[in-house]
1. Can you put K80, K325 in order of accessible area, largest first, using a 1.4 Å probe?
2. Total Lys pairs in region 20-129 closer than 25 Å by alpha-carbon, pairs eight or more apart in sequence or interchain only?
3. How do I232, I463 stack up against each other in accessible area, from largest to smallest, with a 1.4 angstrom probe?
4. Projecting each Cα onto the charge dipole of region 59-201 (Lys/Arg +1, Asp/Glu -1 at the beta carbon, about the Cα centre), which of G64, Y121, V91 comes out farthest on the positive side?
5. Could you check the spin-label model distance between S233 and V394? Points 7 Å from the Cα along Cα→Cβ, value in nm.
6. What distance in nm separates the simple spin-label points at D411 and L330, each placed 7 Å from Cα in the Cβ direction?
7. For region 120-246, how big is Rg over Rh, using alpha carbon atoms and the Kirkwood form of Rh?
Amino acid sequence: MANKFLTIYVSSDMIRIAEITKSGKDQVLLSNAAEIATPAGCFNDGYLTDVTATAEAVRTAIFGRGFSSKDVIFTIASKKIASKEVEMPYVKNMRKLQQVLQANSGDYFPMSGSGDYVFAYSLLEEVTMNADGANKRFYRISAVAAPMDLVRCYYELAEELKLSVKHIDYFGNSVIQLLRLQMQPGRTDLVLQIEMDQTYVNVMRGKTLVLQRNVNYGKTAVINALMDVKKISEKDARTLLSNEALLDQHVTADEYAQAVQGMVNGIGRAVEYHRTKNANDPSATLQGIKVFGEGSAIAGIEKILERELGARVEHFDTLAGVTIKGQAALKAEEVLRYLPNIGSVIDPMDLVITSGKKSAIETSDMLKYLKIVLGVAAVIMLGWTGVTFIQHKVAKDARDQMQANIDAIADIEQIRQDYVNAQYLFAALDTFKYEKENPNNLMPQFVGDLEEILPADTVINSIDAQDGRVTFDLKTGWHTTAKNEVADVLVELQKLDYVKGIEVPDLTESYCIRFTSPSANSADGANGEDPYLRMLSEDPLILGDYVQVDSQSDLEKLIIDMATGEAGEDYPEELTLETINDLWVELVQDEIKVTVTLGYDYDVEERVSEEAGITGDKAIVLSISESADTTGDNPDADAAAPASDEEVIE
């Protein structure tokens with residue numbers, strides 16, 4: 001049976017409402033849609049700071065538009081919601097997973113011990129693997145923890161609108177559910193959702209989510225950065241970023257790189273983490289990049305992503321499994337703005353608390369039962385008044401003393417929370433210290449070190465660098481021990497702390513002989529220069545003191561012939577059969593192709609966590625989540641520091 005829902009997504013700039021019917025597992029029908037600007041002062045990082053004004057805006061948007069459903073699904077996006085991938089033991093009854101998550105929430109989300117959080121999950125995949133000769137079966141789930149007061153805002157909004165709350169979904173899950181309908185089996189793709197305030201980095205293996213990261217840079221951050229770089233107004237910055245021709249005309253490549261650096265670097269670190277983690281899994285190689293969201297239309301963003309990530313960038317033109325009918329006369333690009341609404345009806349998380357009308361009903365029932373219990377208790381107490389008076393007095397005094405002790409340390413939780421916030425803020429800022437350690441940023445340092453290491457007569461014929469892998473052709477001078485010279489170079493390269501590996505697949509050797517006594521009849525000899533006999537030429541050729549031959553055996557024969565006088569007169573006069581071993585020496589020249597992989601062996605995320613003092617289960621991904629503005633000029637700058645231990649989205 002098809003179910004029709006009213007879906008509402010509130011963001012910092014827009015409120016989007018859609019009426020959607022779910023038909024079957026993978027089919028949804030969008031029959032009506034509307035949007036309206038979010039009223040000023042009504043929204044702060046997911047929180048509805050003015051529920052009444054927000055409700056009035058929703059009524060204005062849907063009034064007279066034919067919306068009929070009273071069952072609502074909300075989608076929430078907030079930095080205050082912590083998300084973490086968790087492996088859960090296999091259970092036959094899937095309903096018990098929620099109980100297991102609730103019971104072990106303190107292990108996954110240490111800040112949740114106060115009881116002020118709501119927990120939910122979505123199933124990523126069921127895994128069976130062989131470990132130590134036995135099959136291990138478990139679930140990969142995406143678990144989230146949302147502050148209870150944040151979720152309660154949306155129950156209050158539903159009550160104000162006289163709607164019945166069916167589900168409250170997390171933004172990341174809504175989008176992933178819809179992405180599963182779009183992805184093709186047998187491929188691994190990077191899917192980027194670039195929104196106004198954040199960018200969501202998703203790695204999809206077929207229809208399975210492999211990695212999800214949240215980068216706190218979106219279109220707004222790029223606009224602000226371009227305003228700072230060019231010293232222009234917000235209106236002008238928006239105009240330039242919406243027209244690639246104007247952008248190319250008025251913004252240089254360096255200026256544009258500065259504007260998008262924060263977002264691109266955050267995405268790059270997420271991709272590098274995925275590649276490092278799955279280096280031995282060929283199926284994890286990214287085959288393409290797909291982008292969508294309000295920020296995906298930033299002019300020039302496709303080119304820089306293709307250059308930095310090394311894969312083709314494509315936009316979602318259509319949505320599989322989604323049908324547009326009725327009053328929702330939306331264009332393809334307009335439909336993409338309603339992704340959180342559409343995805344929330346497929347398989348929503350349930351961030352459920354007792355609130356709104358439900359709370360009132362349960363409170364009313366509780367009062368009825370309480371009255372009955374109190375009546376019975378009163379009768380019993382009348383018979384035991386004299387006996388229990390002293391016991392009551394003692395218990396009351398003990399309770400008062402305990403309450404006094406609690407009041408004396410009431411501020412300890414706030415102190416602890418301030419300390420945790422300071423740790424995460426330090427970690428977010430500390431990440432920038434390691435920005436220079438991006439493999440591409442190490443290239444100038446590597447070139448300088450290579451110049452110091454190479455001997456004077458060793459040359460580089462060509463060099464190529466891509467994604468931290470540098471390949472170059474090295475040619476030594478003529479020496480009796482050329483291989484030793486090559487070995488010394490490789491040893492010195494390996495000593496560089498940012499070199500992760502060296503490959504030498506090819507090596508070619510050339511030979512020649514040098515006469516230790518110059519020929520008096522030679523022009524080179526007359527100038528005091530050593531003549532050479534060279535070998536491995538294309539065609540045998542004799543040119544004075546320079547003699548080229550095709551092979552080592554031909555070289556040896558020519559030397560004997562010269563010593564016995566059978567090779568002609570174009571050779572040094574001093575060379576005789578008796579002096580042959582004293583007058584010449586064989587030299588070697590090596591040519592090799594070297595591939596060097598740049599990067600540091602340590603994990604930046606672990607290093608940042610360690611420096612911030614965040615260890616154990618608290619050491620979640622930090623380097624991927626960055627603040628678009630950590631200065632005092634940004635009213636939302638406090639978002640850079642999580643309000644809890646697990647606030648940074650992993």
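1. Heavy-atom accessible area, descending, gives K325, K80.
2. Going through region 20-129 pair by pair, I get 6.
3. Per-residue accessible area, sorted high to low, gives I463, I232.
4. The listed residue farthest towards the positive side: G64.
5. Each label point lies 7 Å from its Cα, and together they span 7.9 nm.
6. So the two model labels end up 5.0 nm from each other.
7. In region 120-246, Rg relative to Rh is 1.11.
The values are calculated or read from the model by the stated rules, or taken from the named source; none is laboratory data. Note that the coordinates shown come from a computational prediction; the quantities given were computed from them, not determined experimentally. Neighbour counts are summed over all protein chains in view; Cβ atoms, including those assigned to glycine, are modelled from backbone coordinates with ideal geometry. Please note that ligands, DNA and RNA were not included when accessible areas were found on the heavy atoms of the full protein model with its side chains. Shrake-Rupley method; radii C 1.70, N 1.55, O 1.52, S 1.80 Å.
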